[in-house]
Amino acid sequence: MAKTAEQEYTEKRQQGEYILVCLSSSPSNRRLVETAARMVQVFGGTFTAVYVETAEAGQMCEADKTRLRENTELAERLGAAIATVYGEDISFQIAEFARISGVTKIVIGRSNMVRRHFWSQPTLTERLVAVVPDIDIYIIPDASQTQGYRRERRGFLNLEPLSPRAIGITLLLLASATAVGSLFCWLQFTEANIITVYILSVLLTALFTKHFFCSVLSSLGSVLAFNFFFTEPRLTFHAYEPGYPATFVIMLIVSLMIGKLADQVYSNARQSVQAAVIAKTEQLRSNLLRAISHDLRTPLTSISGNAENLIMNRENLDEETKTQLLSCIYDDAVWLTGLVENLLSITRMENGRMQITMSVQLIDDVLEEAVRHIRRKGMAHRISIETGGDLLLAKIDAKLIVQVVINLADNAIKYTPEGSTIVLRARKDGPMIAVSVVDNGPGIPDEMKPRVFEMFFTGEHKVADSHRSLGLGLSLCRTIVEAHGGTICLRDNPPHGCDFTFTLPASEVKLNDENGHTGS
């Protein structure tokens, strides 16, 4: 059924806008941040303050650094998330961040710098409007507050420190081009072929050294080497042909252009990757905040409502009703606790701060510990452990693997009807131990299987207790298992159901006999 205009408007208001404001050291940037904050209050939603760090950042004066820090702190106080991206093309970085993060509105200041001539480069505002035509851009005039404010521009050359390795590669490629040119000369190839070889060496220099100065050095060296070795008279820097000076100039210009273009291509590619990673992180953060703000209302409302009912009507409620209300409060609190544990764990794992303490553990003990935690949740399900009586040892962090089993079992409990069977199996599989959590529920459609381990993916299943899964449990399972050197996958359990299986490195027990000999 088609949505009415009022329904679409209401849905848009509930979802809110995602507003991006650009941070800078400009004195007027404070006004931009305050404007973005007011827009968030009007439209609803969230906003992020993004600073594009260029090579000029290291040359920023103390006054600019102070203003940038103050503008950033103001944005944080007003509720903005702070993000930093890196690159020389500011409009490109802002556009990429906005596209990947799902930004709906951009707030940017209009510089009082205008084009001096029709051939001058477009301003930042003009370039941004051109590259993101599908995003609303709010341009705030700032000429009144920035009179006399100018930042020094960086020169054409990127004079970064040179490494001996980069210079060595440049000289090696130049020598190789000269050697190939000598071979071509001996084979009586035309001089155009030799020039092409030198141009190729300039391109390879730009790719392998990633430094424009090396490209310039290679260009000059190519022209001089071609003149010295391959023009008459040989082994001198003179040339008899009247057209050679023009050839040298054109060759130098072409080499410089190729070096500069290769340097820019590499720089843009690197900037694009940085922007994509940071924007993806920002997108995950925004999705998480939206999920928490919407999906935690049900258990929190249930807890507060049931607690209020107990407080206000405790004298009129019988013991059975009180027990039921307390049980609901307990279940909701346990669900929230589990969610927080998953959030903390996945954050630590992604940031590399999770401490993994490996020790040899008996898999039977790990599964039994997990079952003790899930037994109450799965009272309406039949849960069993099957290990075949084998002694299965693995070098693992027992606490983390218990969490994996609990998450997989919780997933099975949530998405299978009461009375379903859930089996925890473990078996030796070559140098690994395979642990499976198998159920006989309705299963998962094939088109959803590749995405079940993605963060925030919940599919189309409805949870029986009205809690919506945030899609963190399976993503955390994959992170923990891979940190142990194992893999995790989902298969069907014929005739119907799911089979989540993950592997762990097996370990052998060392035993000493009466004579002191060691065996396994």
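Quick notes on this one:
- Working ranking of peptides 230-238, 357-365 by packing, defined as the average number of other Cβ atoms within 10 Å per residue, highest first, is 357-365, 230-238.
- Shape category assigned to region 165-238 from the gyration tensor of Cα positions, a/c cut at 1.5: prolate
- Applying 0.36 nm per residue to the separation of Leu224 and Met358 and subtracting their alpha-carbon distance, the gain on full extension is 42.1 nm.
- Extension gain, Cys185 back to Glu308 (0.36 nm per residue minus Cα-Cα distance, nm): 34.9 nm
- Gained length - His238 relative to Ile82, 0.36 nm times residue gap less alpha-carbon distance: 50.1 nm
- Between the beta carbons of Ala175 and Asp390, assuming R0 = 45 Å, the FRET efficiency works out to 0.10 to the nearest 0.05.
- Between the amide H of Tyr138 and those of Ile106, Val107, Ile108, distances stay under 5 Å, these residues lying 5 or more places away or on another chain, with hydrogens modeled in the peptide plane.
- Estimated inter-spin distance, Ala483 and Ala246, nm [label 7 Å along Cα→Cβ]: 6.8 nm
All of the numbers you see were taken from the coordinates with simple rules; none came from a lab. Only a predicted model underlies this, so the values are computations on that prediction, with no experimental measurement involved. All Cβ positions, even for glycine, are placed from backbone atoms using ideal geometry, and neighbour counts span all protein chains on display.
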